[in-house]
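Read through the structure below, which is laid out as structure tokens, and then see the notes.
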Amino acid sequence: MEHTSHDFLRRLLDTPSPSGFEQQIQQVVRDHVRDFADEVTTDRHGNVFANRFPDGRPADAPRILLAGHCDQIALMVQHVDDAGYLYVQPIGGWDMQVLLGQHLTVWTKTGPVAGVVARRAIHLLKPEERTKVPDFADVWVDIGAKDKADAEAVVRHGDPVTFELGYRPLRNGLAASPAMDDKVGLWVVMEAVRLLKGKTLKAAVYGVSTVAEEIGLRGATTASYAVDPTVGIAVDVTHATDTPGNDKKTQGDIKCGAGPVLFRGPNISPRVFDLLDELAKAHGIPVQVRGVPRATGTDANAIQISRAGVACGLLGIPNRYMHSPVEVVHLDDLTNAAKLLAEFCLAVGPETNWIP
């Protein structure tokens, strides 16, 4: 991975971006893309657009939307009790068993506040409690406050909370971090736009860092309406099944490091899939294929049914341990996904047929 691009990935992963609180990470995106995008804009929803246009911006140039969401699952402060302990509710989908015992960060107006999430020690639990998954109301966040007034001096109701952020390289090209979902997809989109610098385009390319995907594909819905794309590709993580206990019969045989995943199914235009598949073969880019027999829970779902309909594709980055503090991806899958997207954008022109 190119040095400045790797640095961009690390900055994304080190920056908080709870759904609805994406301002900090979107500034990181804007700072990075201004050197290679023809136009950088931000809409009222918070989506950031890094756009490249063909020379002269011909009226018949098709519009390509590339979408990767910047938001991550998080928590929100709902209550502070008299002893200064915080009670939280989820933003997005959480596994409580993963949350217990984690280091957290409360992102306040005046800066980050460290905390831990806990419940009573196992020695103090009743036998029936030891085998029960607790509810959010049964656990609390300890920031070391002396009492309610001390906690409320730094924390406000509605403040977002995330896992303690941090990028950790692993062996053999793998890396772990919270919020690989979907900062790696965002990285792929912006890296593809970077790779197009100095290239001759026949289509306008809109690389979008979308917001609020984790709470209902909201940013992609508004971004798609605004761009009115001819064709759109979402980039998101997908479950890697190369760890113990996964059912490959239902989730496919997906490996970290074997290439990005091309999706097939009713959420995907066969024309988009075929072109991505052909370009991967022509340029020696390894890919994996996965069938999904329904609408996907990704930005591709919102893009496909925007306005009068969009020829849509979905590119997946294999991800182990999704929605946990130790999500794992392979860096080669990211770089290969960006190369494939760039080749796709270069191949599309006014003559490209999207009718199935």
Enumerate the calculated ³J(HN,Hα) couplings along segment 66-82 in order (Karplus 6.51 cos²θ - 1.76 cosθ + 1.60, θ = phi - 60°), each rounded to whole Hz, writing x wherever the residue is Gly or Pro.
10, 10, x, 8, 8, 7, 10, 4, 7, 10, 9, 5, 10, 7, 10, 7, 5
Residue by residue through segment 342-354, what is 3J(HN,Hα) from phi via Karplus (6.51 cos²θ - 1.76 cosθ + 1.60, θ = phi - 60°)? Round to whole Hz and write x for glycine and proline.
4, 5, 4, 4, 6, 7, 7, x, x, 7, 5, 9, 9
Exposure proxy order (Cβ contacts within 10 Å, fewest to most) of 4, 335
4, 335
Which cross-chain or sequence-distant (5 or more) residues have an amide H under 5 Å from the amide H of residue 66, H modelled 1.01 Å from N in plane?
206, 207, 208, 233
Expected 222 nm ellipticity per residue - DSSP helices of 4 or more, -39500 (n - 2.57), all of the chain, to 500:
-8000 deg cm²/dmol
So in segment 216-339, what percent of DSSP beta bridges are antiparallel if you round to the nearest 5?
20 percent
Are there trypsin sites (Lys or Arg not before Pro) in segment 197-250 that DSSP puts in a loop and that have at most 15 other Cβ atoms within 10 Å, and which ones?
197, 199
Those lysines that a straight Cα-Cα span of less than 25 Å connects to residue 197, excepting residues fewer than 8 apart in one chain:
183, 281, 339
Which whole-Hz couplings ³J(HN,Hα) result when phi for each residue of segment 210-222 is put into the Karplus expression 6.51 cos²θ - 1.76 cosθ + 1.60, θ = phi - 60°, listed in order with x for Gly and Pro?
8, 10, 6, 5, 5, 10, x, 6, 6, x, 5, 4, 6
Just the number, please: percent antiparallel of the DSSP beta bridges in the chain, rounded to the nearest 5.
60 percent
Sort out for me the Cα centre separation of segment 130-209 from segment 244-281, rounded to whole Å.
25 Å
Cα centroid separation - segment 62-129 against segment 211-242, whole Å
24 Å
Neighbour-count order for 344, 53, fewest beta carbons within 10 angstrom listed first
53, 344
Out of every Cα pair in the chain, what percent are spaced more than 39 Å from each other?
17 percent
For the residues 330, 123, what sequence is obtained by ranking on other C-beta atoms within 10 Å, fewest first?
123, 330
Check which residues have an amide H placed less than 5 Å from residue 312's amide H, if you skip close sequence neighbours.
232, 269
Quick one: angle between helix 23-33 and the longest Cα principal axis of the chain, in degrees between 0 and 90, rounded to 10, please.
30 degrees
Among 322, 99, 86, which residue has its Cα positioned farthest towards the positive end of the charge dipole of the chain, with +1 placed on the Cβ of Lys and Arg, -1 on the Cβ of Asp and Glu, and the dipole taken about the Cα centre?
322
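Read-outs: derived from the displayed coordinates by stated rules, not from any lab. As the structure is a computational prediction, the values presented were derived from the model and not from experiment. Using ideal geometry, Cβ is built from the backbone for each residue, glycine included, and neighbour counts are taken over all protein chains shown.
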